[in-house]
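The values are calculated or read from the model by the stated rules, or taken from the named source; none is laboratory data. For clarity, every value in this text was computed on a predicted model and none was experimentally measured. Methodologically, a virtual Cβ is constructed for each residue, glycine included, from the backbone with ideal geometry; neighbour enumeration extends over all protein chains shown. Ligands, DNA and RNA are stripped out before the accessible areas are found, and what is left, the full protein with its side chains, is counted by its heavy atoms. Shrake-Rupley method; radii C 1.70, N 1.55, O 1.52, S 1.80 Å.
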Amino acid sequence: MSTTLPTAKTKRQALGPYGRVGKVVDELDDRLGVAKGGRVFLDKIFPDHWSFMLGEIALYSFVVLMATGVFLALYFVPSTSQVIYHGTYAPLRGQRVSEAYESTVNISFAVRGGLLIRQMHHWAADIFVGSIVVHMARIFFTGAFRKPRELNWTIGTLMLILAILEGFIGYSLPDDLISGTGLRIGYSIVESIPFVGSYLGTFLWGGQFPGNGSIEPRFFIIHVLIIPLVITGLLGAHLGLLVRQKHTQFKGEGRTETNVVGSPMFPTFMAKTTGFLFMVAGATALLGAFAQINPIWQFGSYDPSKISYAVQPDWYMGWLDGALRIMPSWEFAGWGHTIPLEVLLPAVIFPGLIFNIAFLWPAIERRWTGDNELHNLLDRPRDRPKRTAAGAAMLGLLFTLFAASSTDVLANYFHVSLNFVLWAFRVLTVAVPIVVGFVTYGICREMQGVHGIGKRKRAVIVHRSALGAYSTVTADPRPGDGHEELDPEPVPVRIDVAPLTAAVPGADHESSPTGSRQVTR
């Protein structure tokens, strides 16, 4: 009996012409049938424009949030039970603090790398909400929400609401003086809801504020489990619709409503987006390392009898805080009930109105314009002056309310009365959106009448004659003056892949062109 060991040649024959990777892919395809769908996915075309990367900032900051959040959850104690602090931060030793506050301070000073991870988490939260806002602004001003993408616009609006709520709950968990003040405001907002507010507040807080401490573990579960799962599901639906539908693109040479011109998913876009992931993570790490944010050890543990001067929430809650500050002290009393309008109107009715307008805007514009066509080409904001003016007016309103969240700081800095600052912002809240809307509309109309607006201007050479007259001559083109693109290459419907063979010396090998490719779906 003799045994023959397999040779290298027989091993190659067993693996097939495509090697080990091909063998693995074949095995997966036999069981899952991924070859056809995978090929379509890898050939998905993405336009080459910088503004389409804004949504990826939100995606990758969410990845950073999830990674850093898992680390923090391992050390955080969601409890308001009182303990005596004996940790590494000397100024707090001997102080009575909550377990949530103590664990957060310990993460910052006693856990190796804890302060870096905690600050990265906070910065990533601010970036996450900010990138969603900027991304949705790009979608709004370019008309990317129109048919057939109304559902994706709705999903994006839902994610923005959940991101704001998630951020508010997140910075309320450390139980420091500032976050406790935010929770007290949140309790007042919940209680202002007619008929059900007092019951809802008692259910969440376990009684009258500050409650029996049950709000801390409940918020912790909502923050680390429920809302992240919902956002992940919405994100998957958002990306699924993006892949299923054609990607929008700006008007230009070779671009129509029935095609997409850009780079394929593999390898071009995949390489760019992977690099962008590392850039977002790196920028967040640098902010966490060098830019201090939310130093709770300076504020102390929450005490319902205390409040700090110049207390402002994270930026994405500033517009709500500003609306609460400038609202007059109105209330309604009748039939045995008192409704605090100074809280209900700015903190419940107003944000509800803002987000409902966002939800309904695609239907409002479709009804207003009578446009029911499918749109894959984007608008230039100057070409839709009414929409652009409405969006700019809304941003003007929100930025004014954001500035109003610092009324106490402004009054102290400029040495004027707080009442004067409040009335100034009440007037500005009405005047700024109107002025911004009309000015934006006029600018858009002016830009429509200018030939070649938006295009890069060629440099000119100025000559002066002996008599003092001036004349100009267009200069020769410089590197970067012209926008050059490779010719679009249609994506083939059927692709026959030849087996990999060893290169033969002296043989001619054909190389496929790279760059922009065009696909017609």
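Quick one: angle between helix 54-73 and the longest Cα principal axis of the chain, in degrees between 0 and 90, rounded to 10, please. Value to nearest ten degrees: 60. How much accessible surface area, in Å² rounded to 10, belongs to the heavy atoms of residue 178 with a 1.4 Å probe? Surface open to solvent at residue 178 totals about 40 Å².
Beyond 32 Å, what percent of the Cα pairs of the stretch 48-346 remain? Of all Cα-Cα pairs in the stretch 48-346, 37 percent lie more than 32 Å apart. Summarising the strand pairing of the chain, around 85 percent of its internal DSSP beta bridges are antiparallel.
Rounded to the nearest 10 degrees, what's the angle between the helix 99-109 long axis and the longest principal axis of the chain, both from Cα atoms, 0 to 90? Approximately 50 degrees, to the nearest ten. In the context of the full set of protein chains, the stretch 37-80 has a per residue accessible area of 46 Å² (1.4 Å probe). A Cα-only calculation for the stretch 162-202 places Rg and Dmax at 11.1, 31 Å. For the stretch 322-327, 3J(HN,Hα) computed residue by residue from phi via the Karplus equation (6.51, -1.76, 1.60; θ = phi - 60°) reads x, 5, 5, 5, 8, 5 Hz, glycine and proline entered as x.
Against the criterion of solvent-accessible heavy-atom surface with a 1.4 angstrom probe, 104, 338 sort, most first, into 338, 104.
For residue 242, the solvent-accessible surface computed with a 1.4 Å probe is close to 50 Å², ligands and nucleic acids excluded.
Relative intensity of the stretch 31-92 on a log10 scale, I(q)/I(0) at q = 0.23 Å⁻¹, equals -1.02, per a Debye sum over C-alpha point scatterers of equal strength in the absence of solvent.
Relative to the longest principal axis of the Cα atoms of the chain, helix 150-172 runs at roughly 50 degrees.
Quick check on the chain: helices-only [θ] at 222 nm, where DSSP H runs of length 4 and up contribute -39,500 (n - 2.57) each and the sum goes over total residues. Nearest 500, please. Don't skip to the answer; put the middle values down first.
Details: 18 runs with 275 residues, N = 521.
About -17500 deg cm²/dmol.
Note on the stretch 16-170: with neighbouring protein chains present and a 1.4 Å probe, carbon and sulfur make up 68 percent of its accessible heavy-atom surface. Each Lys or Arg adds one and each Asp or Glu subtracts one; over the other residues with Cβ under 15 Å from the Cβ of residue 218, this totals -3. Distances between placed amide hydrogens fall under 5 Å for residue 250 paired with 378, all partners being 5 or more residues away or on another chain.
Across the stretch 94-152, the convex hull enclosing all Cα atoms gives 119 Å³ per residue.
If you sort 321, 48 by accessible surface, 1.4 Å probe, largest first, the order is 48, 321.
Using alpha carbons only, how many angstrom separate the centre of the stretch 75-96 from the centre of the stretch 378-418? Their Cα centres are 41 Å away from one another.
Between the labelled values [x] 40, 28, 18; [y] 51, 28, 20; [z] 48, 37, 24, the entry that holds semi-axes √(5λ) of the Cα gyration tensor in Å as derived from this structure is [z].
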